[in-house]
Amino acid sequence: MFNWHSQTPPMDILTLELLDVTVFQALLELRELLADHPGEAMRIRGEDDLLRVNVQGFLEKQGRTARLVRQGGQWELQVPHSVKVPALVEPEPPAPPPVLLLRSAFAPGDRALGRRLLLDTLAHLAPGTPWICLAHQAVELLEDPGALAILEGLRGRGIPVQVSAASLGHTGQEAAGFEEVADEHWQKLLARGGVNLL
């Protein structure tokens with residue numbers, strides 16, 4: 001159960017009571033309270049010690065100190081007024097992994113539809129994708145003008161397009177102006193789960 005209130009002066013302190021809630025619910029409520037009342041002094045009360053540890057850790061990440069006071073079976077964290085209003089710390093989103101493309105169309109099913117859906121997927125690769133590598137049947141895309149336009153677009157967005165040397169050697173194709181790479185480059189990452197496989 002969440003309960004928060006602001007007492008009247010001179011004790012104008014926000015009080016958040018965290019009873020019968022999960023850690024996730026508590027941190028979500030605390031985050032909203034900090035955003036709505038930046039820098040204000042507050043008290044946070046609860047009973048569960050695991051919850052308290054997580055709440056204290058979250059406060060520390062926000063640059064807020066808290067003094068622990070025990071009251072019987074309950075605890076209270078007293079958070080003083082903060083002169084400098086800290087920005088809420090947003091975790092850095094993980095960098096997107098590289099992409100290994102092993103086919104020239106989604107299968108089974110209609111090949112034309114599978115090709116179109118695959119190319120539409122490639123067009124939506126996340127910014128910051130380290131690279132995309134074409135190997136195995138995917139090198140067939142180098143003969144498709146529509147696919148080449150998508151790949152050129154990716155390169156224009158700063159996503160390097162690479163082509164497997166072994167796959168080119170097997171089919172006798174050219175890299176169509178893209179970077180030819182040794183297969184060990186992507187094989188190690190694939191074996192360790194470090195690439196998105198399409």
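The values are calculated or read from the model by the stated rules, or taken from the named source; none is laboratory data. Nothing here was measured: the structure is a model prediction, and the numbers come from that model. All Cβ positions, even for glycine, are placed from backbone atoms using ideal geometry, and neighbour counts span all protein chains on display. The accessibility values were calculated without ligands, DNA or RNA, using every heavy atom of the protein model including side chains. Shrake-Rupley method; radii C 1.70, N 1.55, O 1.52, S 1.80 Å.
Give me the pairs, please: first residue somewhere in segment 112-135 and in contact (Cβ under 8 Å) with a residue 40 or more places away in the chain, second residue anywhere and of a type in the set (Ser, Thr, Tyr), beta-carbon distance under 6 Å, and either six or more positions apart or on two chains.
Correct list of pairs: Ala135/Ser164; Ala135/Ser167.
Just to be sure, is His81 open to solvent by 60 Å² or more (accessible area, probe 1.4 Å) and at negative phi?
Numbers: open to solvent by 60 Å² or more (accessible area, probe 1.4 Å): yes; at negative phi: yes.
When the stated conditions are applied, His81 passes them.
Within segment 39-60, which residues are open to solvent by 60 Å² or more (accessible area, probe 1.4 Å) and under 14 Å from Ser82 (Cα atoms)?
Selection gives Glu40, Glu60.
Just one of Arg103, Arg111 is of a type outside the set (S, T, N, Q) and either touching a Lys or Arg at 6+ places or on another chain (Cβ under 6 Å) or more than 21 Å from His185 (Cβ to Cβ) (or both); which is it? Break it down stepwise before answering.
Working: Arg103 fails: either touching a Lys or Arg at 6+ places or on another chain (Cβ under 6 Å) or more than 21 Å from His185 (Cβ to Cβ) (or both).
Being of a type outside the set (S, T, N, Q) and either touching a Lys or Arg at 6+ places or on another chain (Cβ under 6 Å) or more than 21 Å from His185 (Cβ to Cβ) (or both) holds for just one of Arg103, Arg111, which is Arg111.
I'm trying to understand the selection: among the residues of segment 142-176, which are among the small types (Gly, Ala, Ser) and more than 18 Å from Ser104 (Cα to Cα)?
Gly156, Gly158
Taking Arg70 as the residue in question, decide whether it is outside any loop (DSSP other than H, G, I, E, B), within 30 Å of Pro38 (Cβ to Cβ), open to solvent by 10 Å² or more (accessible area, probe 1.4 Å) and without any contact (Cβ under 8 Å) to a residue 24 or more places away in the chain.
On the way: outside any loop (DSSP other than H, G, I, E, B): yes; within 30 Å of Pro38 (Cβ to Cβ): yes; open to solvent by 10 Å² or more (accessible area, probe 1.4 Å): yes; without any contact (Cβ under 8 Å) to a residue 24 or more places away in the chain: yes.
It is true that Arg70 is outside any loop (DSSP other than H, G, I, E, B), within 30 Å of Pro38 (Cβ to Cβ), open to solvent by 10 Å² or more (accessible area, probe 1.4 Å) and without any contact (Cβ under 8 Å) to a residue 24 or more places away in the chain.
From the list Arg31, Arg45, Arg67, which one is within 14 Å of Ile13 (Cβ to Cβ) and in contact with a Phe, Trp or Tyr (Cβ under 8 Å, 6 or more places away or on another chain)?
Working: Arg31 fails: within 14 Å of Ile13 (Cβ to Cβ); Arg67 fails: in contact with a Phe, Trp or Tyr (Cβ under 8 Å, 6 or more places away or on another chain).
Going through Arg31, Arg45, Arg67 in turn, the sole match is Arg45.
Within segment 8-17, track down each residue that is at pLDDT 80 or above and within 20 Å of Pro38 (Cβ to Cβ). Write out each step before concluding.
Let us first name the residues in segment 8-17 that are at pLDDT 80 or above, namely 13-17.
Selection gives Ile13, Leu14, Thr15, Leu16.
Strands (runs of 3 or more DSSP E) wholly in segment 93-183 with at least 3 residues that are surrounded by 13 or more Cβ atoms within 10 Å (Cβ to Cβ) and of a type in the set (A, V, I, L, M) - which ones? Steps first, answer last, please.
Numbers: elements: 99-101, 132-134, 161-164, 179-181.
Output list reads 99-101.
Enumerate the pairs (first residue in segment 165-181 and modelled with pLDDT of 85 or more and among the aliphatic types (A, V, I, L, M); second residue anywhere and open to solvent by 30 Å² or more (accessible area, probe 1.4 Å) and not in a loop (DSSP other than H, G, I, E, B)) with beta-carbon separation below 6 Å, excluding pairs fewer than 6 apart on the same chain, so at least 6 apart or on different chains.
Once the first residue is modelled with pLDDT of 85 or more and among the aliphatic types (A, V, I, L, M) and sits in segment 165-181, its partners that are open to solvent by 30 Å² or more (accessible area, probe 1.4 Å) and not in a loop (DSSP other than H, G, I, E, B) give Ala165/Glu180.
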